[in-house]
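Everything on this sheet refers to the single structure shown next.
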Amino acid sequence: MAEAVLRTVNGVVLPASSGFALGFDEETYHTGTIVEDMETGFVVGSLSTSGAKHLLEPESPAHFRAELEKEWAENRAFDLGHAAHLNVLGVGAPVRVVPTQGWMTLTGKPAERDGWVTKEAKDAVAAVRAEGLTPITPQEARDIERMTEAILANTEAAELLTESGHSEVSMWARDPVVGVWLRGRADRWNTERNVLVDYKTTGKLASPSVVRKTIWDFHYELQHEWYLFLAEAVGMRVEDFLFIFQEKNPPYAVSVVRLDEEYRRIGRTEMRHVIDTYAACMESGVWPAYEQQGIVTVSPPSYAMRDVFPSVAPGVVSPEFEAELAMWAGSH
């Protein structure tokens with residue numbers, strides 16, 4: 001097990017050796033990917049799963065390239081999640097509560113509605129971000145406290161997060177096939193159980209029946225295999241990977257889930273595809289999108305038949321078509 005050796009080229013942090021780092025700055029970590037420099041062209045950095053997801057359907061290499069050209073910045077949609085991570089994991093940008101009431105408009109009159117809607121309020125939020133803090137509303141502060149109480153009341157989740165270990169573990173390693181650098185940042189490395197733990201907050205339900213689709217929607221199966229590969233490559237002792245999902249809304253319910261072998265197989269396949277695609281685009285300098293694929297014939301999605309045809313009354317369609325529908329239903 002070794003700590004990574006890092007270097008800085010044109011302001012971008014690049015790995016010089018495989019390894020891990022504890023307490024590595026989050027914003028610096030997120031800039032460690034390829035960037036375009038006017039004089040030197042591309043500086044080759046490392047590929048993360050958050051970027052690699054843009055190489056999967058329904059997106060394309062062109063979408064991945066477009067994401068790289070955006071500056072890394074805080075997103076309001078992620079503020080509550082970041083604040084919850086700080087409370088639960090003890091690592092991350094400190095928060096500051098910014099009131100949503102009492103702001104004045106430019107005319108000196110009280111704002112007609114609550115929220116960060118006036119220039120004065122927005123300037124206050126911007127000032128908080130400039131200090132490297134995460135702005136949250138008073139209601140979000142209350143939600144975070146209740147989320148922390150709920151997750152600590154879940155025995156399995158609480159033990160995974162509070163047993164011996166390290167939070168926010170950054171990892172870098174080369175892909176053994178095409179040689180590109182890969183990186184990942186594990187929320188928690190539980191060294192007592194030798195488990196990687198990833199804590200996800202969700203605006204949906206955290207029940208296992210809903211989470212199984214959330215995992216697919218956000219390609220967490222790719223992250224699962226990516227992080228396990230990195231942990232092994234840098235010499236960390238890891239035997240399992242678990243997700244903790246928690247709802248952002250009352251009752252702030254929690255589920256701890258493990259991916260089955262089928263999900264893992266899909267994740268490994270996706271991982272190989274995105275790395276190979278990234279390497280090929282880097283070598284050719286071409287980042288294709290849909291229009292370069294020619295004319296494509298499309299068919300209905302798998303759920304279309306389930307959604308539409310069960311509502312068709314018997315006898316409205318021909319017996320032959322009903323038989324075809326029955327055959328189709330039996331195969332899906």
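The values are calculated or read from the model by the stated rules, or taken from the named source; none is laboratory data. Please read all numbers here as calculations on a predicted model, not as lab measurements. Ideal geometry is used to build each Cβ from the backbone, glycine not excepted, and the neighbour counts take in all protein chains shown. Note: accessible area is taken over every heavy atom of the protein model, side chains too, but ligands, DNA and RNA are not part of it. Shrake-Rupley method; radii C 1.70, N 1.55, O 1.52, S 1.80 Å.
A few remarks follow.
- Consider region 23-49 and keep the residues that are at pLDDT 90 or above and not β-branched (V, I, T). The one that is surrounded by the fewest Cβ atoms within 10 Å (Cβ to Cβ) is S48.
- Among the residues listed as A93, A124, the single one being more than 30 Å from E159 (Cβ to Cβ) and surrounded by 12 or more Cβ atoms within 10 Å (Cβ to Cβ): A124
- Residue within region 92-100 that is among the polar types (S, T, N, Q), assigned to a loop (DSSP other than H, G, I, E, B), more than 24 Å from the chain's Cα centre (by Cα) and over 22 Å from E27 (Cα atoms) present: yes
- Enumeration of residues in region 258-279 that are modelled with pLDDT under 95 and in contact with a strand residue (DSSP E or B) (Cβ under 7 Å, 6 or more places away or on another chain): Y278
- In region 121-158, residue farthest from K109 (Cα to Cα) [restricted to those that are among the β-branched types (V, I, T) and under 21 Å from the mean Cα position of the chain (by Cα)]: I151
- Residues located in region 198-222, provided they are part of a helix (DSSP H, G or I) and open to solvent by less than 10 Å² (accessible area, probe 1.4 Å): V211, T214, I215, E221, L222
- Taking region 255-270 as the range and being surrounded by 11 or more Cβ atoms within 10 Å (Cβ to Cβ) and either among the polar types (S, T, N, Q) or free of Cβ contacts under 8 Å to residues at least 60 places away in the same chain (or both) as the test, the residues that pass are S255, V257, R258, L259, Y263, R264, R265, I266, G267, R268, T269.
- Within region 173-197, the residues that satisfy the criterion of being assigned to a strand (DSSP E or B), open to solvent by 10 Å² or more (accessible area, probe 1.4 Å) and over 15 Å from I244 (Cα atoms) are R174, W181, R185.
- Selected residue (only one of S299, S255 is at pLDDT below 95 and either among the basic types (K, R) or not in a helix (DSSP H, G or I) (or both)): S299
- Only a single criterion out of (1) without any contact (Cβ under 8 Å) to a residue 12 or more places away in the chain; (2) closer than 21 Å to K248 by Cβ; (3) open to solvent by less than 50 Å² (accessible area, probe 1.4 Å) is not satisfied by A150, namely (1).
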